[in-house]
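Student: Encoded as structure tokens, here's the structure I'll be asking about.
The values are calculated or read from the model by the stated rules, or taken from the named source; none is laboratory data. The model shown is predicted, which means the values in this text are computed figures rather than measured ones. For neighbour counting, all protein chains shown are included, and Cβ atoms are generated from backbone atoms with ideal geometry for every residue, glycine included.
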Amino acid sequence: MLHAFVLIVCVAAVSANAGTIDEGSERIAGGNRVNNTEQFPFVVSISYRYQHICGGFIYNARWIVTAASCVMGKSPRDLNITIGACSLITPEPEEQSISIADLVPYSGFNPASVTHDIALIELSLPIVFRNTAQPIRFSTVDELAQPLEGTVIGWGAPYEGGPPSARLLCGTMDNLHANCSTYQVNEYIEEYMICAGSESGTVAPCQFDEGSPLVQETNTGGVPELIAIGIMSKNQGCSNAMIPTVYTRLSAYSSWLIQTAGPQVSTNVFVPQF
């Protein structure tokens, strides 16, 4: 089983020596190129020994949320967080690179079934909030939203078995209630996971997308807002976009997130601009 990223896809590259596709490539299925770092300022790249491995999102000034499968068995000194990047080949003027103080995987994480796949990363320094670096509020899925769909943003491969892509992309998951019957009983538990897919079969996640946020546009407060509802956990490969992907359901871990990383700060309102 490949752990990858399927919904809306935003992919970026890593350092030039990491085997990434060149800057002009846009080969992720169904992905849209992100040229403005203010569009998704909550998305971060997680690198291991200077090579991108996973995505994540800004929880507050000192903490990042990602998948436990991204950090288990790794030392904080080998990891780094890049914030405010569209390309990880060509640095942005306001890009921030921060080392890591601690890794806190959820205690119930099961690497065999990839359940409870969530972790917190404590940064060594606080993030400097600006238009290119902002936290995003996490919440439960807004079942009344029309259309009922999500967006995923990350740094994944453009094809199965490929290297990280060179540019941040984003794509749409138009089915937040997909059928995950292809997964075993212990691999998909609805209480803790979201099964999302592309009904058109045009967008599929790949390796290096684990931990990337799944966001939803909601209007519950009278103002359109993007909220984080899940993080990419696993799928069965990215060659067939009709097969859905499993995301960790963030609302199921709200108590743990608050107890471990504290409260979230007030955030700006984010609306997707495709």
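Student: State all residues of the stretch 198-232 that are closer than 11 Å to V152 by Cβ and hydroxyl-bearing (S, T, Y); if no residue qualifies, say none.
Tutor: Across the stretch 198-232, the qualifying residues are S198, S212.
Student: Restricting attention to the stretch 68-123, report how many residues are in a strand (DSSP E or B) and modelled with pLDDT under 95. Reasoning before the result, please.
Tutor: Just the residues of the stretch 68-123 that are in a strand (DSSP E or B), to begin with: 79-83, 96-105, 110, 115, 119-123.
Next cut, modelled with pLDDT under 95 only: none.
The number of residues fulfilling the criteria is 0.
Student: Something else about it: Looking at V128, V141, V152, which one is in a loop (DSSP other than H, G, I, E, B), within 19 Å of S198 (Cβ to Cβ) and modelled with pLDDT of 90 or more?
Tutor: Unique residue meeting the criteria: V141.
Student: So, one more: Counting only residues that are of a type in the set (V, I, T) and over 28 Å from T132 (Cβ atoms), how many does the stretch 69-120 have? It would help to see each step written out before you state the result.
Tutor: The first filter runs over the stretch 69-120 and keeps only residues of a type in the set (V, I, T), leaving 71, 81-83, 89-90, 98, 100, 104, 114-115, 118.
With the extra rule that they be over 28 Å from T132 (Cβ atoms), the set shrinks to 114-115.
Result for the stretch 69-120: 2.
Student: Still on this structure: Restricting to the stretch 158-194, give me the number of residues that are in a loop (DSSP other than H, G, I, E, B), among the polar types (S, T, N, Q) and at pLDDT 85 or above. Break it down into steps so the answer makes sense when it comes.
Tutor: Taking the stretch 158-194 first, the residues in a loop (DSSP other than H, G, I, E, B) are 158-168, 174, 176-192.
Narrowing further to those that are among the polar types (S, T, N, Q): 165, 179, 181-182, 184, 186.
Adding the requirement that they be at pLDDT 85 or above leaves 179, 181-182, 184, 186.
So the count comes out to 5.
Student: Please specify each residue of the stretch 163-195 satisfying the condition of being among the small types (G, A, S) and either closer than 24 Å to D142 by Cβ or crowded, with 21+ Cβ neighbours inside 10 Å (or both).
Tutor: First, pick out the residues of the stretch 163-195 that are among the small types (G, A, S): 165-166, 171, 178, 181.
S165, A166, G171, A178 - these are the residues of the stretch 163-195 that are among the small types (G, A, S) and either closer than 24 Å to D142 by Cβ or crowded, with 21+ Cβ neighbours inside 10 Å (or both).
Student: Quick check on the stretch 195-215. Is at least one of its residues in a strand (DSSP E or B) and in contact with a Cys (Cβ under 8 Å, 6 or more places away or on another chain)?
Tutor: So in the stretch 195-215, the residues in a strand (DSSP E or B) come out as 195-197, 213-215.
Cutting the leftovers down to in contact with a Cys (Cβ under 8 Å, 6 or more places away or on another chain) gives us 195.
Among the residues of the stretch 195-215, at least one is in a strand (DSSP E or B) and in contact with a Cys (Cβ under 8 Å, 6 or more places away or on another chain), which makes the answer yes.
Student: With (1) surrounded by fewer than 14 Cβ atoms within 10 Å (Cβ to Cβ); (2) among the hydroxyl-bearing types (S, T, Y); (3) in contact (Cβ under 8 Å) with a residue 12 or more places away in the chain as the list, and S198 as the residue in question, which single condition is left unmet?
Tutor: The one condition S198 does not meet is (1).
Student: Okay, next question. What are the pairs, 6+ residues apart or on separate chains, where a residue within the stretch 129-145 that is farther than 16 Å from V215 by Cα has its Cβ under 8 Å from a residue that is aliphatic (A, V, I, L, M)?
Tutor: F129/A61; T132/I83; A133/I58; A133/I83; A133/I127
Student: Of all residues in the stretch 107-145, how many are of a type in the set (F, W, Y) and surrounded by fewer than 21 Cβ atoms within 10 Å (Cβ to Cβ)?
Tutor: Initial filter on the stretch 107-145 (of a type in the set (F, W, Y)): 109, 129, 138.
Narrowing the set further to residues that are surrounded by fewer than 21 Cβ atoms within 10 Å (Cβ to Cβ) leaves 109, 129.
Matching residues across the stretch 107-145 total 2.
Student: Sticking with this one: If you go through the stretch 103-123 one residue at a time, do you hit one that is without any contact (Cβ under 8 Å) to a residue 60 or more places away in the chain, under 23 Å from C170 (Cα atoms) and in contact with a Phe, Trp or Tyr (Cβ under 6 Å, 6 or more places away or on another chain)?
Tutor: The answer is no; no qualifying residue exists.
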